[in-house]
Amino acid sequence: MARITFIESNGTTHTADINDGTSLMEGATGHNVPGIDADCGGAMTCGTCLVHIDPAWVERTGTRCEHEQQMLEFAGRDGDNARLSCQIIVDATLDGLVVRLPEAQI
Ligand code: FES
């Protein structure tokens, strides 16, 4: 399990304890964190689960796969440590992770 902090663009903070093996997107939506639409349910076809990883956590959250990279580039949102939260699987090494939510999803 990992405690994850989500920060909305207006500064509102939400903290959620998310089980190992759950995607960051599933954890956020399961805890009613606003701002993650996740229209495709994690199939990596919508791009509406975007988060920005706190710089201190970029290495631990891993790298984008090729398809995720293409999705973010296509949307013009591949900067600022952007990731699709459905592609980040939570485990104990992510305890304390901080992510920021965009002002709006794609
Ligand atoms: Fe659709 Fe992540 S939920 S791309």
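The values are calculated or read from the model by the stated rules, or taken from the named source; none is laboratory data. Worth saying up front: this structure is predicted, and the values here are computed from it rather than measured. Cβ sites come from the backbone with ideal geometry, for glycine too, and all protein chains shown count toward neighbours. Only protein heavy atoms, including side chains, enter the accessible area calculation; ligands, DNA and RNA are left aside. Shrake-Rupley method; radii C 1.70, N 1.55, O 1.52, S 1.80 Å.
Looking at segment 62-71, which of its residues are surrounded by 17 or more Cβ atoms within 10 Å (Cβ to Cβ) and modelled with pLDDT under 95? Walk me through it before giving the result.
So in segment 62-71, the residues surrounded by 17 or more Cβ atoms within 10 Å (Cβ to Cβ) come out as 64, 68, 71.
Matches in segment 62-71: Met71 only.
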*Looking at segment 74-106, which of its residues are in a loop (DSSP other than H, G, I, E, B), touching a residue at least 60 places away in the same chain (Cβ under 8 Å), open to solvent by 40 Å² or more (accessible area, probe 1.4 Å) and within 12 Å of the ligand (Cβ to nearest atom)?*
Ile106
*In segment 59-73, how many residues are within 16 Å of the ligand (Cβ to nearest atom) and either in contact with a strand residue (DSSP E or B) (Cβ under 7 Å, 6 or more places away or on another chain) or assigned to a helix (DSSP H, G or I) (or both)?*
10
*Quick one: which of Ala56, Ala43 is aliphatic (A, V, I, L, M), open to solvent by 60 Å² or more (accessible area, probe 1.4 Å) and away from the ligand (no atom under 14 Å from the Cβ)?*
Ala56
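Residue under question is Ile7, and the condition is that it be away from the ligand (no atom under 13 Å from the Cβ), open to solvent by less than 50 Å² (accessible area, probe 1.4 Å) and touching a residue at least 24 places away in the same chain (Cβ under 8 Å); does it hold?
Criteria met by Ile7.
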